[in-house]
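Read-outs: derived from the displayed coordinates by stated rules, not from any lab. Remember, it's a predicted structure, so these values are computed and weren't measured experimentally. All Cβ positions, even for glycine, are placed from backbone atoms using ideal geometry, and neighbour counts span all protein chains on display.
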Amino acid sequence: MSRLLHRSAAGAPPVAIGGEGVELIDAEGRRYIDASGGAAVSCLGHGHPDVISALHAQLDRLAYAHTGFFTSEAAEALAEQLVATAPEGLSRVYLVSGGSEAVEAALKMARQYFVEIGQPDRRHVITRRQSYHGNTLGALAAGGNEWRRAQFAPLLIETHHVDPCFAYRFQEPDESDDAYAARAAQSLEDKILELGPDAVMAFVAETVVGATAGAVPPVADYLKRVRAICDRYGVLLILDEVMCGMGRTGTLHACEQDGVAPDLMTIAKGLGGGYQPIGAVLLSQRIFDAFARGSGFFQHGHTYMAHPMAAAAGLAVQRIIARDRLLNNVVSMGGRLRRRLEERFGNAPHVGDVRGRGLFQAIELVRDRASRAPFEPSRKLHAHLKREAMARGLMVYPMGGTIDGVNGDHVLLAPPFIVSEAEIDAIVERLGDAVDAALVRAA
Ligand SMILES: Cc1ncc(COP(=O)(O)O)c(C=O)c1O
């Protein structure tokens, strides 16, 4: 009997004992292709020898030094690397231990920034429905995943939610991409005006929506419009690239493809590739200057922030991605994944949409393709699908509530950047079989 409180109280999952390349191995010796990188984490796959030796070397030198007393070479080097490759204007780095911590810190940075510059009335956070920003209370409040929020709602800080930019579900049939992008962005401006422009501090959005809606990229110039609206009203733009960032979409930062740079950006997951828990906030010089000229410090902190082992892992992972030009593989294998998915599911009666960017792709399952009607949530199609995929040696990331937190099912794919053509083909073949089997089980 396991003494762990697992994700499901119903029992323990298989025991992972090893990993090699794109595969994880369980205690029974079964191998699973990690087609979701866990949850879009394992960008270099498992057991990468260069990351392992970098971690050994760091451990031999220094495991930990509290940031109240010291900085470390690893943390300084990682910050240099992140700033050298950051979107325009982001020039400082705050290192934490994961995505939720990064989002919490970004929200508090936004608030403290406005206090420091003499605009203490700015307190409202606007985010989007059908988004996810983490599970700690501030990040959960920011998220727009109704199911995740519901039971904790009495504990959550006030936040305000506007429309997502989610073409398959919310673009009208006769609406152009430009018109839809304008309409989705308008809901942000409307909300700012409703709350009072001088009372809004930040808008938070995932550049490409990940787990909640399934690899949903923005349409046309949506993000440019959002950037312009934020600038018009002095609102900070926080892009959450915890899941979609650090190369997953084919560029180091997903927002590069939209021609937009945020004021604050959160990253995690692929930053350390799962070799250590690490996240970060990248912040603009003007926010740093406000702290430096004002109170002189950011009033926050964690015991394990800028942990040398975590920083060494992040540095090793990012150096390997650059050294081996792995973003080229993300683009070419992402293209192959997309083509294979379209071939396999293009005429499938219960796959309504194939979408995503780079090695961040999803399929959305529907009861009826023409009407796009979802399956009954009580069928738990996504849960069947996960089981059927695991039974075929395939890890994918299915989720329900795609449309509104209750209805809809999708499967997210986020394989390691080192994935090969043959492995892409095997992923799609096993996924096809798992979808067929899950549809039978959920019938
Ligand atoms: C976009 C986004 N933000 C924040 C988080 C929270 O990250 P973590 O689970 O590392 O706390 C996640 C995790 O899935 C995420 O996808």
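Could you tell me the largest-minus-smallest coordinate of the C-alpha atoms of the range 276-412 on each of the three principal axes, in descending order and whole angstroms?
59, 36, 30
Can you sort Thr212, Thr136, Thr127 by how many other beta carbons sit within 10 Å, fewest first?
Listed from fewest to most nearby Cβ atoms, that is Thr136, Thr127, Thr212.
Place a +1 charge on the Cβ of each Lys and Arg in the range 1-68 and a -1 charge on the Cβ of each Asp and Glu, then give the dipole magnitude about the Cα centre in debye, rounded to the nearest 20.
280 debye
In what sequence do Arg369, Arg338, Arg357 fall when counting other Cβ within 10 Å, fewest first?
Values: Arg369 14, Arg338 19, Arg357 23.
Going from sparsest to densest Cβ surroundings: Arg369, Arg338, Arg357.
Would you mind getting me the FRET efficiency between Glu172 and Tyr64? Use the beta-carbon distance for r and R0 = 60 Å, nearest 0.05.
Efficiency for this residue pair is about 0.65.
Over the chain, what is the mean sequence separation of C-alpha contacts under 8 Å (at least six apart), divided by residue count, expressed as relative contact order in percent?
So the answer I get is 22 percent.
Using a simple spin-label model with points 7 Å from Cα along the Cα→Cβ vector, what separation in nm is obtained for Val15 and Ile117?
Roughly 5.5 nm, to one decimal.
Using 7 Å Cα-to-Cβ label points, what is the Val440/Asp289 separation (nm, one decimal)?
Computed distance between label sites Val440 and Asp289 equals 6.5 nm.
In a Gaussian network model over the chain where Cα atoms closer than 10 Å are linked, find which of Arg340, Arg30, Arg387 has the largest mean-square fluctuation.
Ranking Arg340, Arg30, Arg387 by mean-square fluctuation puts Arg30 first.
Say R0 is 30 Å: what FRET efficiency, to the nearest 0.05, do Ala370 and Glu343 get from their beta-carbon distance?
Details: r = 21 Å, r/R0 = 0.70.
After rounding, the FRET efficiency stands at 0.90.
Checking the a/c ratio against 1.5 first, then a/b against b/c, what shape does the Cα gyration tensor give for the range 6-139?
oblate
If each DSSP helix of 4+ residues adds -39,500 (n - 2.57) and the sum is divided by the residues in the chain, what number results at 222 nm, nearest 500 deg cm²/dmol?
It comes out at -12000 deg cm²/dmol, rounded to the nearest 500.
How much length would be gained if the chain were fully extended between Gln151 and Leu193, taking 0.36 nm per residue of separation minus their Cα-Cα distance, in nm to one decimal? Mind showing how you got there, number by number?
Numbers: separation 42, 0.36 × 42 = 15.12 nm, distance 2.97 nm.
So the extension gain works out to 12.1 nm.
Anyone know which of Ala181, Ala220, Ala142 comes out most mobile in the 10 Å Cα GNM of the chain?
Per the Cα network of the chain with a 10 Å cutoff, Ala220 tops the list.
Could you tell me what percent of the DSSP beta bridges with both partners in the range 52-323 are antiparallel, to the nearest 5?
Details: 11 of 25 bridges.
In the range 52-323, approximately 45 percent of DSSP beta bridges are antiparallel ones.
Rounded, prolate or oblate: which fits the range 195-330 when a ≥ b ≥ c are the square roots of the eigenvalues of the alpha-carbon gyration tensor, with rounded for a/c under 1.5 and prolate only if a/b beats b/c?
oblate
Arranged from highest to lowest average of other beta-carbon atoms within 10 Å per residue, in what order do the peptides 4-15, 374-385, 83-94 appear? Can you show the working numbers first?
Values: 4-15: 8.8, 374-385: 19.2, 83-94: 16.7.
Per-residue mean Cβ counts within 10 Å order the peptides as 374-385, 83-94, 4-15.
Report the gain in length on full extension from Glu28 to Glu256: 0.36 nm times residue separation, minus Cα-Cα distance, nm rounded to one decimal. The partial results should precede the final answer.
Values: separation 228, 0.36 × 228 = 82.08 nm, distance 4.31 nm.
Additional length available on full extension: 77.8 nm.
Sort 292-298, 129-135, 437-443 by packing, meaning the average of other beta carbons within 10 Å per residue, with the highest value first. Walk me through the numbers before you get to the answer.
Numbers: 292-298: 12.7, 129-135: 23.3, 437-443: 16.6.
Ranking, from highest mean packing down: 129-135, 437-443, 292-298.
Any idea what log10 I(q)/I(0) is at q = 0.27 Å⁻¹ for the range 200-247, Debye with uniform C-alpha scatterers and no solvent?
-1.03
With the cut-off at 1.5 for a/c, could you classify the range 156-274 from its C-alpha gyration tensor as rounded, prolate or oblate? Walk me through the numbers before you get to the answer.
Values: a/c = 1.70, a/b = 1.19, b/c = 1.43.
Here the range 156-274 falls in the oblate category.
Using the Cα atoms of the range 52-323, I'd like the radius of gyration and the largest Cα-Cα distance, Dmax, both in angstrom.
Calculated on Cα positions, Rg and Dmax stand at 18.4, 62 Å.
So for the range 305-386, what percent of the C-alpha to C-alpha distances run longer than 21 Å?
Cα-Cα pairs in the range 305-386 separated by more than 21 Å: 52 percent.
What is the Cα centroid distance between the range 117-173 and the range 54-105, reported in whole angstrom?
The range 117-173 and the range 54-105 have Cα centres separated by 28 Å.
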